[in-house]
1. Picking from ILE423, ILE402, ILE396, ILE349, which residue would you name as being assigned to a helix (DSSP H, G or I) and either surrounded by fewer than 16 Cβ atoms within 10 Å (Cβ to Cβ) or at pLDDT below 70 (or both)?
2. Show me the helices (runs of 4 or more DSSP H) found entirely inside segment 165-213 where at least 3 residues are buried (at least 24 other Cβ atoms within 10 Å of the Cβ), in contact with a helix residue (DSSP H, G or I) (Cβ under 6 Å, 6 or more places away or on another chain) and modelled with pLDDT of 85 or more.
3. Output the residue which, of all residues in segment 179-218 that are hydroxyl-bearing (Ser, Thr, Tyr) and under 23 Å from ASN241 (Cβ atoms), is farthest from the chain's Cα centre (by Cα).
4. Please indicate, with yes or no, whether at least one residue in segment 134-152 is under 22 Å from SER256 (Cα atoms) and surrounded by fewer than 18 Cβ atoms within 10 Å (Cβ to Cβ).
5. Picking from ASP83, ASP93, which residue would you name as being in the same structural domain as ARG31 (by TED's automatic domain parsing) and buried (at least 16 other Cβ atoms within 10 Å of the Cβ)?
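The values are calculated or read from the model by the stated rules, or taken from the named source; none is laboratory data. Not measured: the values here are computed from a predicted model. Because the Cβ atoms are built from the backbone with ideal geometry, glycine has one as well, and the counts that use them run over all protein chains shown.
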Amino acid sequence: MKFSGSVKIWIALLFSVMFTLTATAKSEQARMMVHLLDYIAVDYSMAVQNGQIISQAEFQEMNEFAATIIELGEKTPPSIQSDLILLQRLVQDKASIDKVSSVSNNIKQEIISYYKLEIAPKRWPSLASGQKLFALHCQSCHGAQGKGDGPLSQGLEPAPTNFHDPEKANGLSPFQAYNTIRLGVENTGMRAFNELNDDEVWDLAFYVMSLPHQGKDVDPALVKNNIKGELNLEMLASLNNKELADKLELDPAYPSIIPSLRLYPSELAEESEGDYLDKAKRLIRSSAAAYSYGRHEEARTLALTAYLEGVEPVEVQLRANDASFVARLEGQLAEMRSAIEGKEAVETIKTLADNNIKLLTEAQVILSERSFSGWIAFLLSSSIILREGLEAFLVIITILGIIRALKLKNAASWVHAGWVTAIFSGFLLWLIADRFFTFSGAQREIMEGAIALFAVGVLLYVGFWMHSKSEAGKWQAYVKNKIQGLAKKENMLGLALLSFLVVFREAFESVLFLSALSLEIGESHQMAFGGGIIFAFLALFVISVLLLKYSRKLPITKLFRYSSMIISFLAVVLVGKGIHAIQEAGTISISTMPVNLRLDWIGLYPTWETFLAQMAILILIVFLWNIGNKSQAKATATAHQSH
């Protein structure tokens with residue numbers, strides 16, 4: 001069965017969507033496992049005490065949850081599955097609460113690590129927003145103060161949670177509250193609040209944890225003077241009060257410290273947490289420590305997170321000050337991840353960690369010495385748009401030039417519709433970025449990489465098609481026999497989709513960089529920042545007009561040949577960028593090359609995976625071109641024989 005080009009594109013897009021949905025389903029499944037494990041760890045004491053069942057209903061529920069987790073964990077590694085079976089046996093045997101809680105929490109950490117679940121929000125939650133959401137969605141059951149005495153609480157079994165109960169107040173973390181709000185609790189009055197976005201759920205979760213402390217007399221200054229170690233958002237989100245007190249080595253003589261942390265989380269952590277690069281250094285140290293204890297997968301995850309959540313948010317600012325330094329820093333971070341994957345000696349990992357920390361300290365110096373001015377803000381924002389826009393519009397202009405040669409005016413309008421829609425979509429992403437655009441670093445890199453690799457397939461198809469039409473005689477036959485077919489609606493949709501994908505990938509990446517840059521430059525230079533974006537779009541328009549005007553002078557056959565060369569070159573660039581982005585997300589391993597070959601503008605990076613992928617695409621292009629040349633030679637010979 002033969003498919004048209006546009007149908008193939010839609011099929012590929014469908015598979016891409018299916019892959020994304022499958023990954024999302026796995027994440028939700030893993031989150032449900034964590035959710036149930038938390039319930040067992042916290043509520044088991046309500047079912048069993050001293051080896052005796054004190055509530056048959058609760059005991060039955062514990063057994064049901066343990067069995068459900070085993071079903072959900074069928075695709076997990078054997079080590080996790082065996083631990084799940086152990087947990088089920090402990091519940092059935094009415095083991096001690098300490099043993100059941102310990103095993104439950106250990107399995108939870110294994111699942112979080114295996115599925116790379118996010119255990120903290122991307123921004124500091126707003127307790128004010130959480131208070132409004134609680135009044136709207138939760139107060140009717142849990143009561144105005146969260147004591148489980150709302151007007152709708154009567155008759156509910158089990159009763160709504162009383163967040164002031166000491167066991168609940170100290171045994172729950174915002175992460176557990178997040179999972180409960182997001183997923184609900186089956187066979188209870190607690191439904192899943194799917195209508196809330198991630199930020200709103202985290203706002204609500206943090207507010208719930210503050211309820212037992214409302215109205216208490218707290219002293220934030222006391223917290224700063226009596227905590228040991230560094231305080232950060234991930235700790236406050238993932239740890240309950242007991243765990244937080246142990247982690248920070250809090251003095252029991254100051255009971256107001258925990259209330260202060262729950263009532264003023266962002267204010268108190270801001271000074272302790274430091275900047276993004278401080279976070280990167282902490283994670284690098286933790287990675288080296290985990291590796292020294294033989295926890296290789298944990299070490300790899302920590303090293304990866306150091307880049308995604310510590311370096312990438314300030315990459316734009318670093319690159320603007322010293323692009324070569326950024327390349328060196330990323331190369332060193334990748335070398336450490338590669339060494340961890342290769343299970344090299346502990347001393348090697350420690351040495352690499354020390355080198356990375358030195359570079360991160362140097363990066364802090366570079367950023368501390370910079371001073372943003374309106375002019376720099378203008379240049380940075382305009383350079384981002386120009387860099388991303390030129391790459392996209394080079395392809396669009398090529399397509400428009402061919403369509404103009406074919407004299408297909410309707411087709412041109414479809415192409416214009418595609419790229420205009422992509423820009424409009426990018427603009428909408430920009431408007432809603434702060435509220436809804438909450439991808440983690442890894443998810444963001446995977447999406448960028450997937451779009452890039454999908455575009456490679458489309459570009460190869462288009463490039464080979466152009467090359468096959470570049471021979472004059474064959475081109476004339478094509479125009480004569482296929483011009484009506486090109487005007488069919490499905491082919492027009494294919495052109496529109498191609499132009500949309502090419503531009504949307506760059507728009508997506510631009511929104512990421514511009515969002516980070518906008519936060520960094522502050523309010524004082526927002527006008528210059530916006531002016532740079534407008535200037536860049538005007539410059540792109542002028543460049544596009546000049547290119548279109550120049551392309552009119554090219555003969556059709558040369559236009560096709562040159563266009564196929566340009567598109568083939570872009571395919572090589574994009575496959576390198578795509579593989580590199582997925583590597584940065586940790587999905588593909590990193591094997592560093594002995595020579596530090598790195599040229600961002602052509603997608604060349606010092607890893608064997610990106611280099612071999614580009615070589616493979618280059619070989620494929622040569623192979624396809626040879627097929628096209630042989631086909632042209634055969635057609636020419638046949639034409640000569642007929643004469």
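1. Numbers: ILE423 fails: either surrounded by fewer than 16 Cβ atoms within 10 Å (Cβ to Cβ) or at pLDDT below 70 (or both); ILE396 fails: either surrounded by fewer than 16 Cβ atoms within 10 Å (Cβ to Cβ) or at pLDDT below 70 (or both); ILE349 fails: either surrounded by fewer than 16 Cβ atoms within 10 Å (Cβ to Cβ) or at pLDDT below 70 (or both).
Answer to the check: ILE402.
2. Because the criterion is at least 3 residues that are buried (at least 24 other Cβ atoms within 10 Å of the Cβ), in contact with a helix residue (DSSP H, G or I) (Cβ under 6 Å, 6 or more places away or on another chain) and modelled with pLDDT of 85 or more, the helices (runs of 4 or more DSSP H) in segment 165-213 that meet it are 174-183, 198-210.
3. Residues of segment 179-218 that are hydroxyl-bearing (Ser, Thr, Tyr), as a first pass: 180, 188, 207, 210.
Then keep just the ones that are under 23 Å from ASN241 (Cβ atoms); that gives 180, 207, 210.
On the way: THR180: 23, TYR207: 26, SER210: 29 Å.
Ranking the qualifying residues of segment 179-218, first place goes to SER210.
4. If we filter segment 134-152 for residues that are under 22 Å from SER256 (Cα atoms), which is where we start, we get 145-147.
With surrounded by fewer than 18 Cβ atoms within 10 Å (Cβ to Cβ) added as a condition, the list becomes 145, 147.
Yes, some residue in segment 134-152 is under 22 Å from SER256 (Cα atoms) and surrounded by fewer than 18 Cβ atoms within 10 Å (Cβ to Cβ).
5. Details: ASP93 fails: buried (at least 16 other Cβ atoms within 10 Å of the Cβ).
After applying the criteria, what remains is ASP83.
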